[in-house]
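Working notes, structure below.
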Amino acid sequence: MSQNTAGSTSSTSYSNAQNSSSTGGGNSENQVLTRGRLQDLVREVDPNEQLDEEVEELLLQIADDFIESTVNASCQLAKHRQATALDVTDVQMHLERQWNMWIPGFGTDELRPYKRAPVTEAHKQRMALIRKQMKKF
């Protein structure tokens, strides 16, 4: 992503981001998280821990899938707001709403944490009654 000269917003063309997503071929040039970096992260948590090769492959694949889905969903948000560039707020919104993740220090605090209203017992009863009525027809 390129840094915008106006301030803290990072943006890139979302069509380029969609086109450059990995194809799942395992090419280490396209991977954001490499084997070496994964091993470094594991050593930070526990210096004595060693991961099996299959576990490393699985973790790398999960990371690639997560990044790809995040980029795609963020691009859809940018497209929805009719923008030609992917903004950090698009990524923030996706991570907050889908994964309940808030990355401090990126973007602005104008995005408020989104919490769904808890479903009340009265609402559950109304929905059950509606479903029951719908089954009769």
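Per residue, how much accessible area does region 35-110 have with a 1.4 Å probe, in Å²? Don't skip to the answer; put the middle values down first.
On the way: 5240 Å² over 76 residues.
Per residue, region 35-110 has 69 Å² of solvent-accessible surface.
Per the 1.4 Å probe, what fraction of the accessible area of region 35-110, in percent, lies on carbon and sulfur atoms? Can you show the working numbers first?
Values: 2780 of 5240 Å².
So the carbon and sulfur contribution to the accessible surface is 53 percent.
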Cut-off under 13 Å on the C-alpha distance; same-chain residues fewer than 8 positions from K79 excluded. Which aspartates and glutamates are left, in chain and number order? D87, D90
Amide H contacts under 5 Å for L86, restricted to residues at least 5 apart in sequence or on another chain and with H modeled in the peptide plane, are T12, S13, Y14
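I'm checking a number: the convex hull volume of the Cα atoms of region 35-110, normalised per residue, in Å³. What is it? If you can, show how the numbers build up before the last one.
On the way: hull volume 8.9 nm³, N = 76.
Per-residue hull volume (Cα only) is 117 Å³.
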Using θ = phi - 60° and the Karplus relation 6.51 cos²θ - 1.76 cosθ + 1.60, list the HN-Hα couplings for region 89-100 in order, rounded to whole Hz, with x at every Gly or Pro. 5, 5, 5, 4, 5, 4, 5, 5, 7, 8, 10, 6
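The values are calculated or read from the model by the stated rules, or taken from the named source; none is laboratory data. Just so we're clear, the structure is a prediction, and the values are computed from it rather than from any experiment. Heads up: the accessible areas ignore ligands, DNA and RNA and are worked out on the full protein's heavy atoms, side chains in. Shrake-Rupley method; radii C 1.70, N 1.55, O 1.52, S 1.80 Å.
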